[in-house]
1. Just for region 170-195: of the residues that are of a type in the set (A, V, I, L, M, F, W, C), open to solvent by 30 Å² or more (accessible area, probe 1.4 Å) and in contact (Cβ under 8 Å) with a residue 60 or more places away in the chain, which one is nearest to Q159 (Cα to Cα)?
2. Give the residue that is farthest from G220 (Cα to Cα), with candidates limited to residues of region 232-258 that are under 34 Å from the mean Cα position of the chain (by Cα) and either not in a strand (DSSP E or B) or not hydrophobic (A, V, I, L, M, F, W, C) (or both).
3. Can you name the condition, by its number, that H214 falls short on among (1) at pLDDT 90 or above; (2) surrounded by 17 or more Cβ atoms within 10 Å (Cβ to Cβ); (3) of a type outside the set (K, R)?
4. Take K355 and decide whether it is in contact with a Phe, Trp or Tyr (Cβ under 9 Å, 6 or more places away or on another chain) and at pLDDT 90 or above.
5. For the list (1) open to solvent by 40 Å² or more (accessible area, probe 1.4 Å); (2) out of contact with any Phe, Trp or Tyr (no Cβ under 8 Å at 6 or more places or on another chain); (3) not in a loop (DSSP other than H, G, I, E, B), I need the number of the one condition that L148 fails.
6. Give the residue that is nearest to L456 (Cα to Cα), with candidates limited to residues of region 307-347 that are touching a Lys or Arg at 6+ places or on another chain (Cβ under 6 Å) and open to solvent by less than 40 Å² (accessible area, probe 1.4 Å).
7. Given the criterion more than 18 Å from L212 (Cα to Cα), open to solvent by 70 Å² or more (accessible area, probe 1.4 Å) and modelled with pLDDT of 55 or more, identify the matching residue among A33, A18, A58, A53.
Amino acid sequence: MDKHRSRDITDPPTDRLACHFLYLARLVLQTEAPLSIGQGDPGPFDNDLVRDANGLPAIPGSSFAGVLRHAFRRRLASSGLAPVDTEITEGEQAQVPVSDTEDATTFLFGGTGEQELHSRVAVSWGCIHDSHDRPVEGLLLSDDRRRLFEDPLLRDALQAAPILRDHVAIDHRGVAANSAKFQRASLTKGHRFSIEISMWSDRSEDPHWRALLHLLESPGFRLGGATRRGLGALKVVRRHQRMFDMTSPRDFDDFAALSPSLADTTGLVSVDADSAEAAHASHEEVMASQTDGIGVELELTPVDTFLFGGGSAAINPNWDNDAKMKPIRETMVSWHEGSGSIGETYCLIPASSVKGALRHRTAYHYHALRGIYADCASDPLTTYASDPREALGLARADSPKAVPAAYQTRHNPAVFALFGSAPLENREAVATSDESDPEPDGWTRPGLVLIEDKHLSKDRVTPLLLRHNSIDRFTGGVRRHVLFGEEVATLSPPGSEGPARQGSKKKGPVRAVEPIRLAMRVLQPDDPALRPREVRQAFNRALVDLAEERLALGAGGNRGHGYFRGRVIWEDGGTWVNGEPQGGHHES
């Protein structure tokens, strides 16, 4: 190899003994959404959080490294070349080669089989912080163990389910799907973790390292489960790093003096000054500033009231006994000058509720664009093969069994392309008679639409108590024990103490309130499954329906709750969704 040629990331690995440069970073990460990393063992809920020896939630190094590896491979497949001598500044997208993606990923993270290599990247377990912003490391015994019960943040984290959300899958009939009622336990938003990442290299300026650190700022980098339903988002609050040259006596001594404790940053260089502004930015602002995918924002104002149920306590404590249905609310950790505390309780618009409504409406619009209607579902021209990849051009059209398109949402190509597909138990067999596997290769697919939770502070929401009863169909009187109430919410104008009520849902003026902003992002917009224009247009039409009072969110849509009006703003001006020339912001 010519020693004067600049080497890129895909160059073959050199002798491992030549890798005497150690890149090391100790990070403090803050959860920007509830974190739900399950351990797989059955517990009191459908998932049980991974915990350390103290019973505190933790981030396994394998989970972190696995997500980092996947993100690195995905970024490789969509990036250009970055020679070793190319200078990449902080905040600039690190470019990595488009060719030999698997070889380059294996070179960095290791692999088995023909390319059996040891990983050059090492990740520690992530340790949760107490209210004094210190990581809790090691097994706490004797008097130290009292910290677990006296510290407010650790006491919150010790709960079996600091946050518990109820979920239900809705089928094409609008009712709960069979065996699809479940709960998910998560860690409260705002908790902090310390974690260490290190990488061995034979280069004093390695673009691998800059690429890895850049991936941590990507909106697609999320940990745990339900990441496409708003969970698992992280933010780098502090970062201390250094490159140690182990052939240098000074660097070797400095590394030997560095304590294994994640709280020790002696000899490491702080990069807080460069990223101070980013550290204080909200997750929505970070999402909008990223180039990973295409962002879309919904500015929505409720027409009247809305209800996202599942809450255990009423917003107005005087209505706890009267309200049988209450809005879901969650607390979060707040930090001020290095001290953490459990903050106020927020009303929640769960991303799962938004995703479920959009998923079904996208399937509807895809059928409409393709001329597939419910009254002709038995017509062979209005059915598609059991494998949705065929309609997207991702597989051969050789599936002999057709599925009624109007009735099978999960077979819908637009739903499969945008929202992904996961294996379900007791799934109806779709294989041919000579094949026993009902889940063909490639069916499982992660979703590409990332939706954020939305938290509304107490001063933005005004509760209302609505009372209901049930009428006996024979006597015309009220049935016994069927008088109940529901607590719904509406937005309050700034400075007011009550809701801004408007008359007609269709003709009333828009309220003088700050709209609710829902952030979304389409990851990998160049994915082959998203090439059909009907897929993209169906998704955009679903968003427009949501902003034009044609699609309700949450509970009580048939009672008038959950309708919104507003606008849809694509950050690329609608170029991707409409296939138009590049332009400015586009409002639908």
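1. F182
2. Among those residues, the one meeting the criterion is R242.
3. Status for H214: all satisfied but (1).
4. In short, yes.
5. Of everything listed in (1) open to solvent by 40 Å² or more (accessible area, probe 1.4 Å); (2) out of contact with any Phe, Trp or Tyr (no Cβ under 8 Å at 6 or more places or on another chain); (3) not in a loop (DSSP other than H, G, I, E, B), L148 misses just condition (1).
6. Looking at the filtered set, the residue picked out is C347.
7. Only one candidate qualifies: A53.
Conditions (1) over 31 Å from the mean Cα position of the chain (by Cα); (2) open to solvent by 40 Å² or more (accessible area, probe 1.4 Å); (3) modelled with pLDDT under 85, marked per residue:
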site: P438; (1), (2), (3): no, yes, yes
site: L456; (1), (2), (3): no, no, no
site: N469; (1), (2), (3): yes, yes, yes
site: S492; (1), (2), (3): no, no, yes
site: S496; (1), (2), (3): yes, yes, yes
site: Q502; (1), (2), (3): yes, no, yes
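The values are calculated or read from the model by the stated rules, or taken from the named source; none is laboratory data. Because the structure is predicted, anything quoted here is derived from the model rather than measured. Please note: Cβ atoms are built from the backbone with ideal geometry, for glycine as well, and neighbour counts cover all protein chains shown. These accessible areas exclude ligands, DNA and RNA; they are computed on the full protein's heavy atoms, side chains included. Shrake-Rupley method; radii C 1.70, N 1.55, O 1.52, S 1.80 Å.
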